[in-house]
1. What's the whole-number percent of alpha carbon pairs in the chain lying beyond 27 angstrom?
2. Would you please give the FRET efficiency between Leu54 and His218, computed as 1/(1 + (r/R0)^6) with r the Cβ-Cβ distance and R0 = 56 Å, to the nearest 0.05?
3. Between helix 313-329 and the chain, what is the angle of the helix's C-alpha long axis to the longest principal axis, kept within 0 to 90° and rounded to the nearest 10?
4. Dipole size in debye (nearest 20) for the stretch 256-340 around its Cα centre, Lys and Arg Cβ +1, Asp and Glu Cβ -1?
5. Could you tell me how many degrees, from 0 to 90 and to the nearest 10, lie between the Cα long axis of helix 40-57 and the main elongation axis, the longest principal axis, of the Cα atoms of the chain?
6. With each label point set 7 Å from Cα along the Cα-Cβ vector, what nm distance links Met134 and Trp40?
7. Hey, got the dipole for the stretch 55-212? About the Cα centre, +1 on K and R Cβ, -1 on D and E Cβ, debye to the nearest 20?
8. Can you give the accessible area of His221, probe radius 1.4 Å, in Å² rounded to 10?
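The values are calculated or read from the model by the stated rules, or taken from the named source; none is laboratory data. On a predicted model such as this, the values are computed, not experimentally measured, just so you know. Here the Cβ is made from the backbone with ideal geometry for all residues, glycine too, and neighbour counts use every protein chain on show. To get the accessible areas, we keep the full protein, side chains included, count just its heavy atoms, and leave off ligands, DNA and RNA. Shrake-Rupley method; radii C 1.70, N 1.55, O 1.52, S 1.80 Å.
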Amino acid sequence: MPEALETSQQHRRLVLKALLWLTVGGGLVFGAVNVGREMWLLAGLEIIYALFALSLLRIVDTTPHLRMWTLIYLFPFFALMTFALVLPRTSFTVFAWIQTVPIICYLLLGLRGGLWMSLGFLSLGVVAFNYRYMTDDSWLNIMVAANVGLSSAAILLFSHIYERSRVANEARLLELASTDTLTGLANRMKLAEVFQRERSHALRDNNPLSLIILDLDHFKHVNDQFGHEGGDRALRHIAQLLPQRLRDTDLFCRLGGEEFAVLLPGADLAQAAERANKLRELLAEHPPQIAEASQVMTFSAGVATLGEDGQSLDSLMVIADRRMYEAKGGGRNQVVAAGQQYHLAPMSSGR
Ligand SMILES: Nc1nc2c(ncn2[C@@H]2O[C@H](COP(=O)(O)OP(=O)(O)OP(=O)(O)O)[C@@H](O)[C@H]2O)c(=O)[nH]1
């Protein structure tokens with residue numbers, strides 16, 4: 001996923017940072033108060049925990065192991081709260097902190113981690129709170145258990161609903177950001193994301209990876225003749241037709257305007273050029289229907305491959321683009337794969 005859209009991670013770093021600062025402040029204040037009350041063990045633990053939070057603040061913005069550090073931080077944090085609650089000399093209002101457990105867990109761990117950790121520590125908290133009210137006659141205070149149990153369940157439920165909606169909205173946002181609205185194809189952002197993944201696989205497995213850039217020929221005439229609506233219709237036709245002759249692992253995307261790209265994992269330069277030629281034939285066999293008639297449509301394409309033509313998406317796009325313009329210069333309706341050396345014969349147009 002592109003860095004700018006790593007929303008969950010950024011969001012969680014921010015929440016953890018806020019929590020760490022709260023722990024530093026709260027740990028020092030409660031530590032000092034408990035020193036005054038001569039509760040040495042609790043005071044010592046609180047001060048140690050504040051110092052631990054301070055040291056985590058140094059890495060929270062950069063660590064690639066955010067979830068691991070979050071868990072390392074949260075377990076003792078909640079355990080300390082529960083421990084404080086069972087001590088007879090602490091205020092039972094410590095339970096107010098226990099009720100923040102689901103909010104913190106869902107914000108930091110997401111749906112599954114949030115649910116299990118909240119259930120675990122909330123249950124412990126409710127048991128500990130009830131323990132404060134236990135008498136020799138009764139081990140369960142119904143009113144206490146009902147009030148704290150139900151209010152805790154309500155907070156857990158609302159936190160769960162909130163996180164579920166947030167995750168769904170984030171997924172929808174990511175989908176929108178990586179989709180071309182006119183055609184429903186992947187867009188340039190998605191191409192960049194998939195290229196990174198496929199490049200790693202290709203280098204690891206020593207497999208080829210190629211890129212085709214194709215640009216419709218004289219598309220301006222379509223717009224001029226049939227209006228923008230007619231042009232849009234042709235673009236949607238291309239988007240629906242060409243992927244039919246590609247593999248599931250290939251990515252067909254719209255770069256913008258009347259320009260498209262195909263990423264072909266496992267295809268070398270010659271195979272990608274061959275594939276581009278097949279797409280050209282497919283479009284000739286199935287031209288778009290505009291104004292109730294078939295309209296001849298062709299494209300020019302340039303092909304580049306990982307390694308020979310560069311290591312990054314940008315360099316492959318520059319080379320493929322240059323070859324696509326060579327194809328335009330060579331009379332359009334053709335594929336150029338390596339300068340003048342690999343030049344597939346143009347097909348007769350309007351077949
Ligand atoms: N309908 C429609 N037209 C678009 C869209 N995006 C770009 N265009 C049109 O595509 C046309 C591109 O024109 P040119 O860049 O001159 O390219 P061309 O006519 O295909 O000529 P060559 O590329 O040289 O073969 C312009 O008329 C743009 O308005 C779109 O989303 N919908």
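1. Working: 37747 of 61425 pairs.
Every Cα pair in the chain considered, those over 27 Å come to 61 percent.
2. Working: r = 66 Å, r/R0 = 1.18.
E(calc), rounded to 0.05, equals 0.25.
3. On a 0 to 90 degree scale, this one is about 20.
4. Details: 7 positive and 12 negative charges, 32 e Å.
In debye, rounded to 20, the stretch 256-340 gives about 160.
5. Taking Cα atoms only, the helix is inclined about 20 degrees.
6. Simple spin-label model gives 2.8 nm for this pair.
7. Numbers: 13 positive and 10 negative charges, 56 e Å.
Rounded to the nearest 20 debye, it is 260 debye.
8. Approximately 110 Å² for this residue.
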